[in-house]
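Data first, discussion second: the structure below is written as structure tokens.
FYI, it's all coordinate maths here, none of it is from the lab. All values derive from a computational prediction rather than experimental measurement. Neighbour counts are summed over all protein chains in view; Cβ atoms, including those assigned to glycine, are modelled from backbone coordinates with ideal geometry.
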Amino acid sequence: MTGPEDHEGITLVVLLEVPPADVDAITAYEDAVLPLLQANGGQVQRRLRAVDASAEVHLIRFDSSAAMDAFLTDPGRLRAQRLLGGTVIHQRVVQVHEVEVPAPVDGR
């Protein structure tokens, strides 16, 4: 992941596709690794699941690129991969930044 860091660190949106047959394995993996974020300078700001459980969206913030790298190489995260049992996680990761929402127009 490359891109400028702002004064608030790095913010990522992660979209995970969850095939029905893999829901249990992916949920177990995510439940194991998401708590490791805080130990490595990261935080899950939002965790959302599709109504039909076919996808999850995570909004994750890291203090810095070094914090993100620490999470990605955390031995606990690497050990948790065994929970996937060969399941491949299909994900899209996008580095994002806050965009100001325009004020509502009067009379509308």
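Maximal additional length on extending the Glu8-Val57 stretch stands at 15.6 nm, based on 0.36 nm per residue less the C-alpha distance.
Would you mind pulling out the separation of the Cα centroids of the stretch 32-108 and the stretch 10-28, in Å? So the separation of the two Cα centres works out to 10 Å. Taken one residue at a time, the phi angles of the stretch 51-61 give Karplus couplings (6.51, -1.76, 1.60, θ = phi - 60°) of 3, 8, 6, 7, 7, 10, 10, 10, 9, 10, 10 Hz. Gly and Pro are set to x. Spin-label pair Val44-Val101: with each label point 7 Å from Cα along the Cα-Cβ axis, the two points sit 2.4 nm from one another. With θ taken as phi - 60° and the Karplus curve 6.51 cos²θ - 1.76 cosθ + 1.60 applied, the whole-hertz 3J(HN,Hα) list for the stretch 20-34 is x, 5, 10, 4, 5, 5, 5, 5, 4, 5, 4, 5, 7, 8, 4 Hz, x standing for glycine and proline. Note on Ala66 and Asp24: with the Förster distance fixed at 35 Å, the Cβ-Cβ geometry gives a FRET efficiency of about 0.55. Using only side-chain charges placed at the Cβ, +1 for Lys and Arg and -1 for Asp and Glu, the dipole size of the chain relative to its Cα centre rounds to 280 debye.
Computed about the Cα centre, the dipole magnitude for the stretch 8-64 is approximately 220 debye when only Lys and Arg (+1) and Asp and Glu (-1) carry charge, each at its Cβ.
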